[in-house]
Amino acid sequence: MIERMRKLHLIALSYERDRILDVLERTSAAELCVHAEEEGTHPLPVEGEELRARLFAWEEALDLLSSFSQKYAKEHNVKEFSVPATVSVSYGEFLAARGEFARAEELVAQIGRLDEARAAAANEESRLTRAIAQAEPYRAARAFSSYADTLHTRTRLGLIPAVARSAFENALKELPLAACEGTEGEESVLVAVTAHTSVSAEADRLLGEAGFSPCPYRTEQTGEELLRELAAKRAEAAARRDRAEEELFALAPRIGELRVFCDVLGFEAEKAEQSEKMRGTERTFCLEAFVPVSREQEVARALDGSGAPVYYDFSDPAPEEEVPTLTRNNKIVENFEAITNMYSVPSAREFDPNTVMSFFYSIFLGFIMADVGYGLLMMLGGGFLYFKNRAKTGGIKSLAGVFAVGGFFAVVWGILFNSVLGLQFLPFTVMPDAQTESWKFVGIEIPAMLIISMLIGIAQIFTGYLCKFWQECRVGHFWDGVFDGVVWALFSAGMALAVIGLTEEFALSQLTMVGGIVAVSALAVSVLTAGRHEKLLGKFTKGFGALYGIINYISDVLSYARLYGLMLSGAVIAQIISQYGVQFLTGGNVGFMILGAVLMVVGHLFNLAMSLLGAYIHDARLQYVEFYGRFYHGEGELFAPLGSKRKYVRVEAAG
């Protein structure tokens, strides 16, 4: 159900604004709205930009410390380290953290300094590693300064590719007054070529043809000394990096503390930003907020006990006001709210469709899976994830709840279809075989489950039109509900009776006439009343539009064929996997038995995952288009009370 909202009107002294907002935040029951313009009041200055920038820096530091600590603990095998999903604090501790912002700033600055030091040392270490790799071929070199030119000779020290060494040395032997000394190497060879000035140009040409790279070093060191120096510097950089990482990881126990600071600062920024919704006078401020009717007395008691001089009252929102939506459903139905909200949040002035939708969604999900084994896996897996994430809201928890409920219906349908992992386990089958059994519909052979899928679709469309009737009645449009809802619901009932009557296997041919009369009568009433709000030509065009709507209606019914198609594909794959798996397991060969076990586990898990993905998407599509298209308005905004945007902290009621 969607909870009715009341509107809080409040006036208090300006210097009490923070205290009043703290009180409202603690109740988690007031969403501030834009205050109407009133004579003698003025808008308050917009605030919060500086706090948001500060919060951004704090959250960056938190993300850095959290991700680094997890990586460090994994790399260094720190077994007892974990980052909790949320931090629980009392309300008093939460508010008290506001007085510790200087400590938070110091912590954020320390994280930044250590991360910069760690990054700088790591970069230096990488640079030196590259320098060592570059200097490694020169390990055998004498003092680099010794490879110097003289008055009559030119000396070249550097590297040539190992594959070019033989050709180069042979060519150099033919050059008079030139000599070469070299070292061994797999990829490159260190060579020192000394040539008389008269042939140095020719020697340079030969070096160029061999792919010569000149030595970049000109120091008094030998190659071995250079490498030792670079290695020492790299070890020093690595030590600095290790120290910075150790000090940064030592701050990991303060992740929870920083999370509290981030949420508290986020609340302070939120309060500051609320100023644009308020108005004020010289000494007072005025605010308005939406409060659920069930929480009105709680908010009133909190304001009375605040100790601040404040005037407030409650009223019903004006009919034209946009009111936030707060749904109240049981633990099962609330999991399905996320599915509706992905399409559009219900408007606060319409009825909550989630109870009805969740029933059909679960029926369809179970019908598509239709296997006892898959249903049990859905219930166990979904239930495990649901209870593991029970402290959270939405997300994986809701999805797990949807799959767990759908798993129950999959078990029921699996019993009716006599299927456990694609194999039959009962001596009887209630439902027709999806792969082989056909029924005659107006003399044409049609898959039996296709006809049943159509009847299931008509049942949901019928319910959608009844929801339309209830929707219109809630806003005082009774006759609109009758003509746009009940009449088309009767048309759907007539269509269902006609389909049953025209299917020979039901042996209820007398229903064809009854269904036809009901459907034609309802259609005639719809055509005659479609233009009741129009004038002259509009009455005719609206009536024609209602008649033309039969095409859309039939198209919508045919959309439910996807239930049969998805169920059939999953059932066939499950049957093939199990047949081959059982053959391998019972073949007597150990290798085939292992292969059979792997096939059963991997194959069925893959089929379950793919079937669930298709079922989730196509089931939602049927709800959004074929069902909600009959009555649903949506376009609402979820109720977001002051202080509800905490990311990291769960505030306990006590304290």
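The values are calculated or read from the model by the stated rules, or taken from the named source; none is laboratory data. What you are looking at is a predicted structure, and each value in this text was computed from that prediction instead of being measured. Every residue, glycine among them, receives a Cβ derived from its backbone with ideal geometry; neighbour counts consider all protein chains shown.
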**Item:** Which numbered condition Arg103 misses (of (1) modelled with pLDDT of 90 or more; (2) touching a strand residue (DSSP E or B) at 6+ places or on another chain (Cβ under 8 Å); (3) surrounded by fewer than 19 Cβ atoms within 10 Å (Cβ to Cβ))
**Value:** (2)
**Prompt:** Out of (1) under 23 Å from Arg19 (Cβ atoms); (2) without any contact (Cβ under 8 Å) to a residue 24 or more places away in the chain; (3) outside any helix (DSSP H, G or I), the odd one out for Val89 is which?
**Reply:** (2)
**Request:** Return a yes/no flag: does region 558-577 have any residue that is exposed (fewer than 15 other Cβ atoms within 10 Å of the Cβ) and under 29 Å from Gly464 (Cβ atoms).
**Result:** yes
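With respect to Ser82, is the statement that it is in a helix (DSSP H, G or I) and hydroxyl-bearing (Ser, Thr, Tyr) true?
Numbers: in a helix (DSSP H, G or I): no; hydroxyl-bearing (Ser, Thr, Tyr): yes.
Judged against the criteria, Ser82 is not a match.
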**Residue that is farthest from Leu563 (Cα to Cα) [pool: residues in region 363-398 that are in contact (Cβ under 8 Å) with a residue 60 or more places away in the chain and surrounded by fewer than 22 Cβ atoms within 10 Å (Cβ to Cβ)]** = Ala391
**region 306-340, residues that are more than 15 Å from Phe351 (Cα to Cα), within 36 Å of the chain's Cα centre (by Cα) and of a type in the set (A, V, I, L, M)** = Ile332, Ala338, Ile339
**Fill in**
Pairing a residue in region 570-582 that is farther than 14 Å from Leu608 by Cα with any residue that is among the hydrophobic types (A, V, I, L, M, F, W, C), where Cβ atoms lie under 7 Å and the two sit 6 or more apart in sequence or on different chains, gives Tyr580/Leu599; Gly581/Leu599; Gly581/Met600
**Request:** Might you let me know whether region 469-481 holds any residue that is in the same structural domain as Ala546 (by TED's automatic domain parsing), small (Gly, Ala, Ser), surrounded by 14 or more Cβ atoms within 10 Å (Cβ to Cβ) and in contact with a Cys (Cβ under 8 Å, 6 or more places away or on another chain)?
**Result:** yes
**Request:** Answer with yes or no whether Gly401 is closer than 30 Å to Glu652 by Cβ, surrounded by 22 or more Cβ atoms within 10 Å (Cβ to Cβ), outside the structural domain of Gly501 (by TED's automatic domain parsing) and within 26 Å of the chain's Cα centre (by Cα).
**Result:** yes
**Message:** Could you check region 129-167 and list, in sequence order, the residues that are of a type in the set (A, V, I, L, M, F, W, C), within 20 Å of Ala203 (Cβ to Cβ), more than 57 Å from the chain's Cα centre (by Cα) and not in a helix (DSSP H, G or I)?
**Reply:** Ala141, Ala148, Leu151, Leu157
**Asked** Among the residues of region 69-79, which ones are over 23 Å from the mean Cα position of the chain (by Cα) and in a helix (DSSP H, G or I)?
**Response** Ser69, Tyr72, Ala73, Lys74, Glu75
**Asked** Hey, any hits in region 219-232 for a residue that's touching an Asp or Glu at 6+ places or on another chain (Cβ under 9 Å), on the phi < 0 side of the Ramachandran plot and either modelled with pLDDT under 90 or of a type in the set (S, T, N, Q) (or both)?
**Response** yes
**Request:** Determine if region 435-445 includes at least one residue that is closer than 20 Å to Ala519 by Cβ and either among the polar types (S, T, N, Q) or under 38 Å from the mean Cα position of the chain (by Cα) (or both).
**Result:** no
**Request:** Determine if region 211-218 includes at least one residue that is in the same structural domain as Ser166 (by TED's automatic domain parsing), at pLDDT 90 or above and under 14 Å from Arg139 (Cβ atoms).
**Result:** yes
**Prompt:** Any residue in region 400-407 that is farther than 18 Å from Asn607 by Cα, assigned to a loop (DSSP other than H, G, I, E, B) and touching a residue at least 12 places away in the same chain (Cβ under 8 Å)?
**Reply:** no
**Message:** Suppose we filter region 52-75 for residues that are out of contact with any Cys (no Cβ under 9 Å at 6 or more places or on another chain), under 30 Å from Asp242 (Cβ atoms), touching a residue at least 24 places away in the same chain (Cβ under 8 Å) and of a type outside the set (Gly, Ala, Ser); how many remain?
**Reply:** 4
**Message:** Cβ contacts < 9 Å: first residue farther than 19 Å from Asp433 by Cβ and without any contact (Cβ under 8 Å) to a residue 24 or more places away in the chain, restricted to region 550-565; second residue assigned to a helix (DSSP H, G or I) and of a type in the set (A, V, I, L, M, F, W, C), any location; separation 6+ or different chain. Result?
**Reply:** Ile554/Met495
**Complete:** Per the filter on region 211-255, residues within 40 Å of the chain's Cα centre (by Cα), surrounded by 15 or more Cβ atoms within 10 Å (Cβ to Cβ) and in a loop (DSSP other than H, G, I, E, B) are Leu251
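Based on what the data block shows, is Arg532 touching a His at 6+ places or on another chain (Cβ under 7 Å) and more than 22 Å from Ala498 (Cβ to Cβ)? Spell out the reasoning first.
Working: touching a His at 6+ places or on another chain (Cβ under 7 Å): no; more than 22 Å from Ala498 (Cβ to Cβ): yes.
Judged against the criteria, Arg532 is not a match.
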**Request:** Please enumerate the residues belonging to region 482-504 that are in contact (Cβ under 8 Å) with a residue 60 or more places away in the chain, crowded, with 18+ Cβ neighbours inside 10 Å and either among the charged types (D, E, K, R) or assigned by TED's automatic domain parsing to the domain that holds Ala620 (or both).
**Result:** none
**Item:** For Arg26: the one exception among (1) of a type in the set (Lys, Arg); (2) out of contact with any Ser or Thr (no Cβ under 9 Å at 6 or more places or on another chain); (3) at pLDDT 90 or above
**Value:** (3)
**Message:** What's the number of the only condition in (1) touching a residue at least 40 places away in the same chain (Cβ under 8 Å); (2) among the acidic types (Asp, Glu); (3) farther than 26 Å from Ala308 by Cβ that Asp22 fails to meet?
**Reply:** (3)
